[in-house]
Amino acid sequence: MAAAQASLAKAFKALHKPGSPIILANVYDAATARAVAALPSSRAIATSSFAIAAVAGSSDDDLTRELNFKSAETISSSIKEFGKPLSVDFQDGYGEQLEDALTELIKTGAVGINLEDYNREEDRFYTPDEAAARVQRAVKTAHALGIPDFVVNARSDVLVHGGELSEVISRGKKYLAAGATTVFVWGASRGVSREEVKELVEAFDGRLNVLMKPSNGLAAKELSDLGVARISIGISLYLAALAKFKEEAEKVLQV
């Protein structure tokens, strides 16, 4: 198991190529995971904690470790036959339980995580050094479990809370130096502009993950041309599926 998982992690890490990015269609249950995994064009599977929480009747902030990991385990089992890497939204790393939590998660088959720099329980940012140390702890934990190429996608929420791009860059460089594969700069509804993406790509040598936003002129091709290494879509597929479900339900219920 360890050798196979280590091989998947190595393959997943190699897919993070600036200018030729890995594109991830985020999933939230076994059905959506299998649907994406079965596509020849999909190269890896990644979860969305927001969507996992939503389908369970919870909020992202209230999603428990137990529920998140149970979902990861179910998803991992459901896609095993496809032999594709699985990255899990690890949220903020569960405080001082980081090592124990990551060990538990890796046992589900995950070979990568998103790790946020905002401490949800204490409602504050980890300091840059604290957040970098947490990246390093995650990498060290995975290495000790026989997965030296485990992918840590270090998420920075600075822009969402009104911070400056310069702080994102300063933090991101620390995260990369600590062992992160990429830095995920999240902009929420604010988004991340083309100019900001260009500046971040330069600062991180392309080791950048951003959300695809076609409405802002940041579709996959544009982001690839700008030189990012990873593109994700967050909750877009969940929202699209929900909207389609509602539309079809309305048709059925019309008298």
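Does the range 136-148 include one or more residues that are within 17 Å of the chain's Cα centre (by Cα) and part of a loop (DSSP other than H, G, I, E, B)? Within the range 136-148 (the criterion being within 17 Å of the chain's Cα centre (by Cα) and part of a loop (DSSP other than H, G, I, E, B)), the answer is no, since none of the residues qualifies. Consider the range 134-168 and keep the residues that are of a type in the set (A, V, I, L, M, F, W, C) and surrounded by fewer than 19 Cβ atoms within 10 Å (Cβ to Cβ). The one that is modelled with the lowest pLDDT is 160.
Pairs meeting the criteria (first residue in the range 51-79 and in contact (Cβ under 8 Å) with a residue 24 or more places away in the chain, second residue part of a helix (DSSP H, G or I) and of a type in the set (Asp, Glu), beta carbons under 9 Å, at least 6 apart or on different chains) are 65/104; 69/104. Taken as a whole, the condition of being crowded, with 23+ Cβ neighbours inside 10 Å and either in a helix (DSSP H, G or I) or acidic (Asp, Glu) (or both) applies to residue 102.
All of 76, 87, 41 fail the test of being in a loop (DSSP other than H, G, I, E, B) and at pLDDT 95 or above, apart from 41. Pairing each residue of the range 98-125 that is without any contact (Cβ under 8 Å) to a residue 24 or more places away in the chain with any residue that is among the charged types (D, E, K, R), provided the two are 6+ apart or on different chains, yields no C-beta distance under 7 Å. Please count how many residues of the range 174-195 are crowded, with 17+ Cβ neighbours inside 10 Å and at negative phi. Adding up the residues that qualify gives 13.
Do we have residue 92 as over 14 Å from residue 37 (Cβ atoms), not aromatic (Phe, Trp, Tyr) and not in a helix (DSSP H, G or I) here? So residue 92 passes the test.
Checking each residue in the range 197-230 for being under 14 Å from residue 187 (Cβ atoms) and under 15 Å from the mean Cα position of the chain (by Cα) picks out 208, 209, 210, 211, 212, 228.
The values are calculated or read from the model by the stated rules, or taken from the named source; none is laboratory data. The shown structure was predicted, so the numbers you read here are calculated from the model rather than taken from an experiment. Cβ coordinates were reconstructed from backbone atoms using ideal geometry, including for glycine residues, and neighbour counts include every protein chain displayed.
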